[in-house]
Amino acid sequence: MALTLPAITPSFSPSVVETPNVNVVQFDDGYEQRIGVAINQIKGTVSIPWRAQTLANKDILINFFRARKGTEWFWWTVPGETVPRKFVAAKWSFQRTPDAKGRFDVSADFREVFDFA
């Protein structure tokens, strides 16, 4: 059974980029023909920050990403949307905050997937 991203509130809205999967054929006279490819034509990528998190929250997020190893998808509802989508954590990072008060900044890049299961 797929998991859901832990409910740790991000610092602010993530950056969402949606890219349609389109084949383009260009002709010599400048004319071009476009056609959408596949059933799930639009894929999303999301960059999300969690700023000034406690050590416990940092560990929850990083351990969640490490356990999925960039291959297992999880459910996540993008802030401002109502329907959860399937994502894979493509990369993540963390660092101690500059104020050295035992807080950490965590960031991750998610890639939307359309697995059968």
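Solvent-accessible surface of the chain, taken per residue with a 1.4 Å probe and all protein chains present: 66 Å².
In the chain, helical runs assigned H by DSSP with n ≥ 4 each contribute -39500 (n - 2.57); averaged across all residues and rounded to the nearest 500, the mean residue ellipticity at 222 nm is -4000 deg cm²/dmol.
Label point of Trp75 set 7 angstrom out along Cα-Cβ; within the range 1-39, amide nitrogens under 18 Å from it belong to 1-9. Cross-link reach is defined here as a Cα-Cα straight distance under 12 Å, omitting same-chain residues fewer than 8 places apart; for Lys58 the aspartates and glutamates meeting it are Asp105. Panel values: the chain, Kirkwood radius from alpha carbon pairs, Stokes-Einstein at 4 °C and 1.567 mPa s, translational diffusion coefficient 80 µm²/s.
Charged side chains reduced to their Cβ positions (Lys and Arg at +1, Asp and Glu at -1) give the chain a dipole of some 720 debye around its Cα centre. Ordering Thr97, Thr77 by accessible surface, largest first, gives Thr77, Thr97; the 1.4 Å probe counts only protein heavy atoms, with every chain in place. Helix 55-68 and the long axis of the chain differ in direction by around 40°, with both axes built from C-alpha atoms.
The values are calculated or read from the model by the stated rules, or taken from the named source; none is laboratory data. Please read all numbers here as calculations on a predicted model, not as lab measurements. Note that each Cβ is placed from the backbone with ideal geometry, even for glycine, and that neighbours are counted across all protein chains shown. With ligands, DNA and RNA removed, areas are computed over all heavy atoms of the protein, side chains included. Shrake-Rupley method; radii C 1.70, N 1.55, O 1.52, S 1.80 Å.
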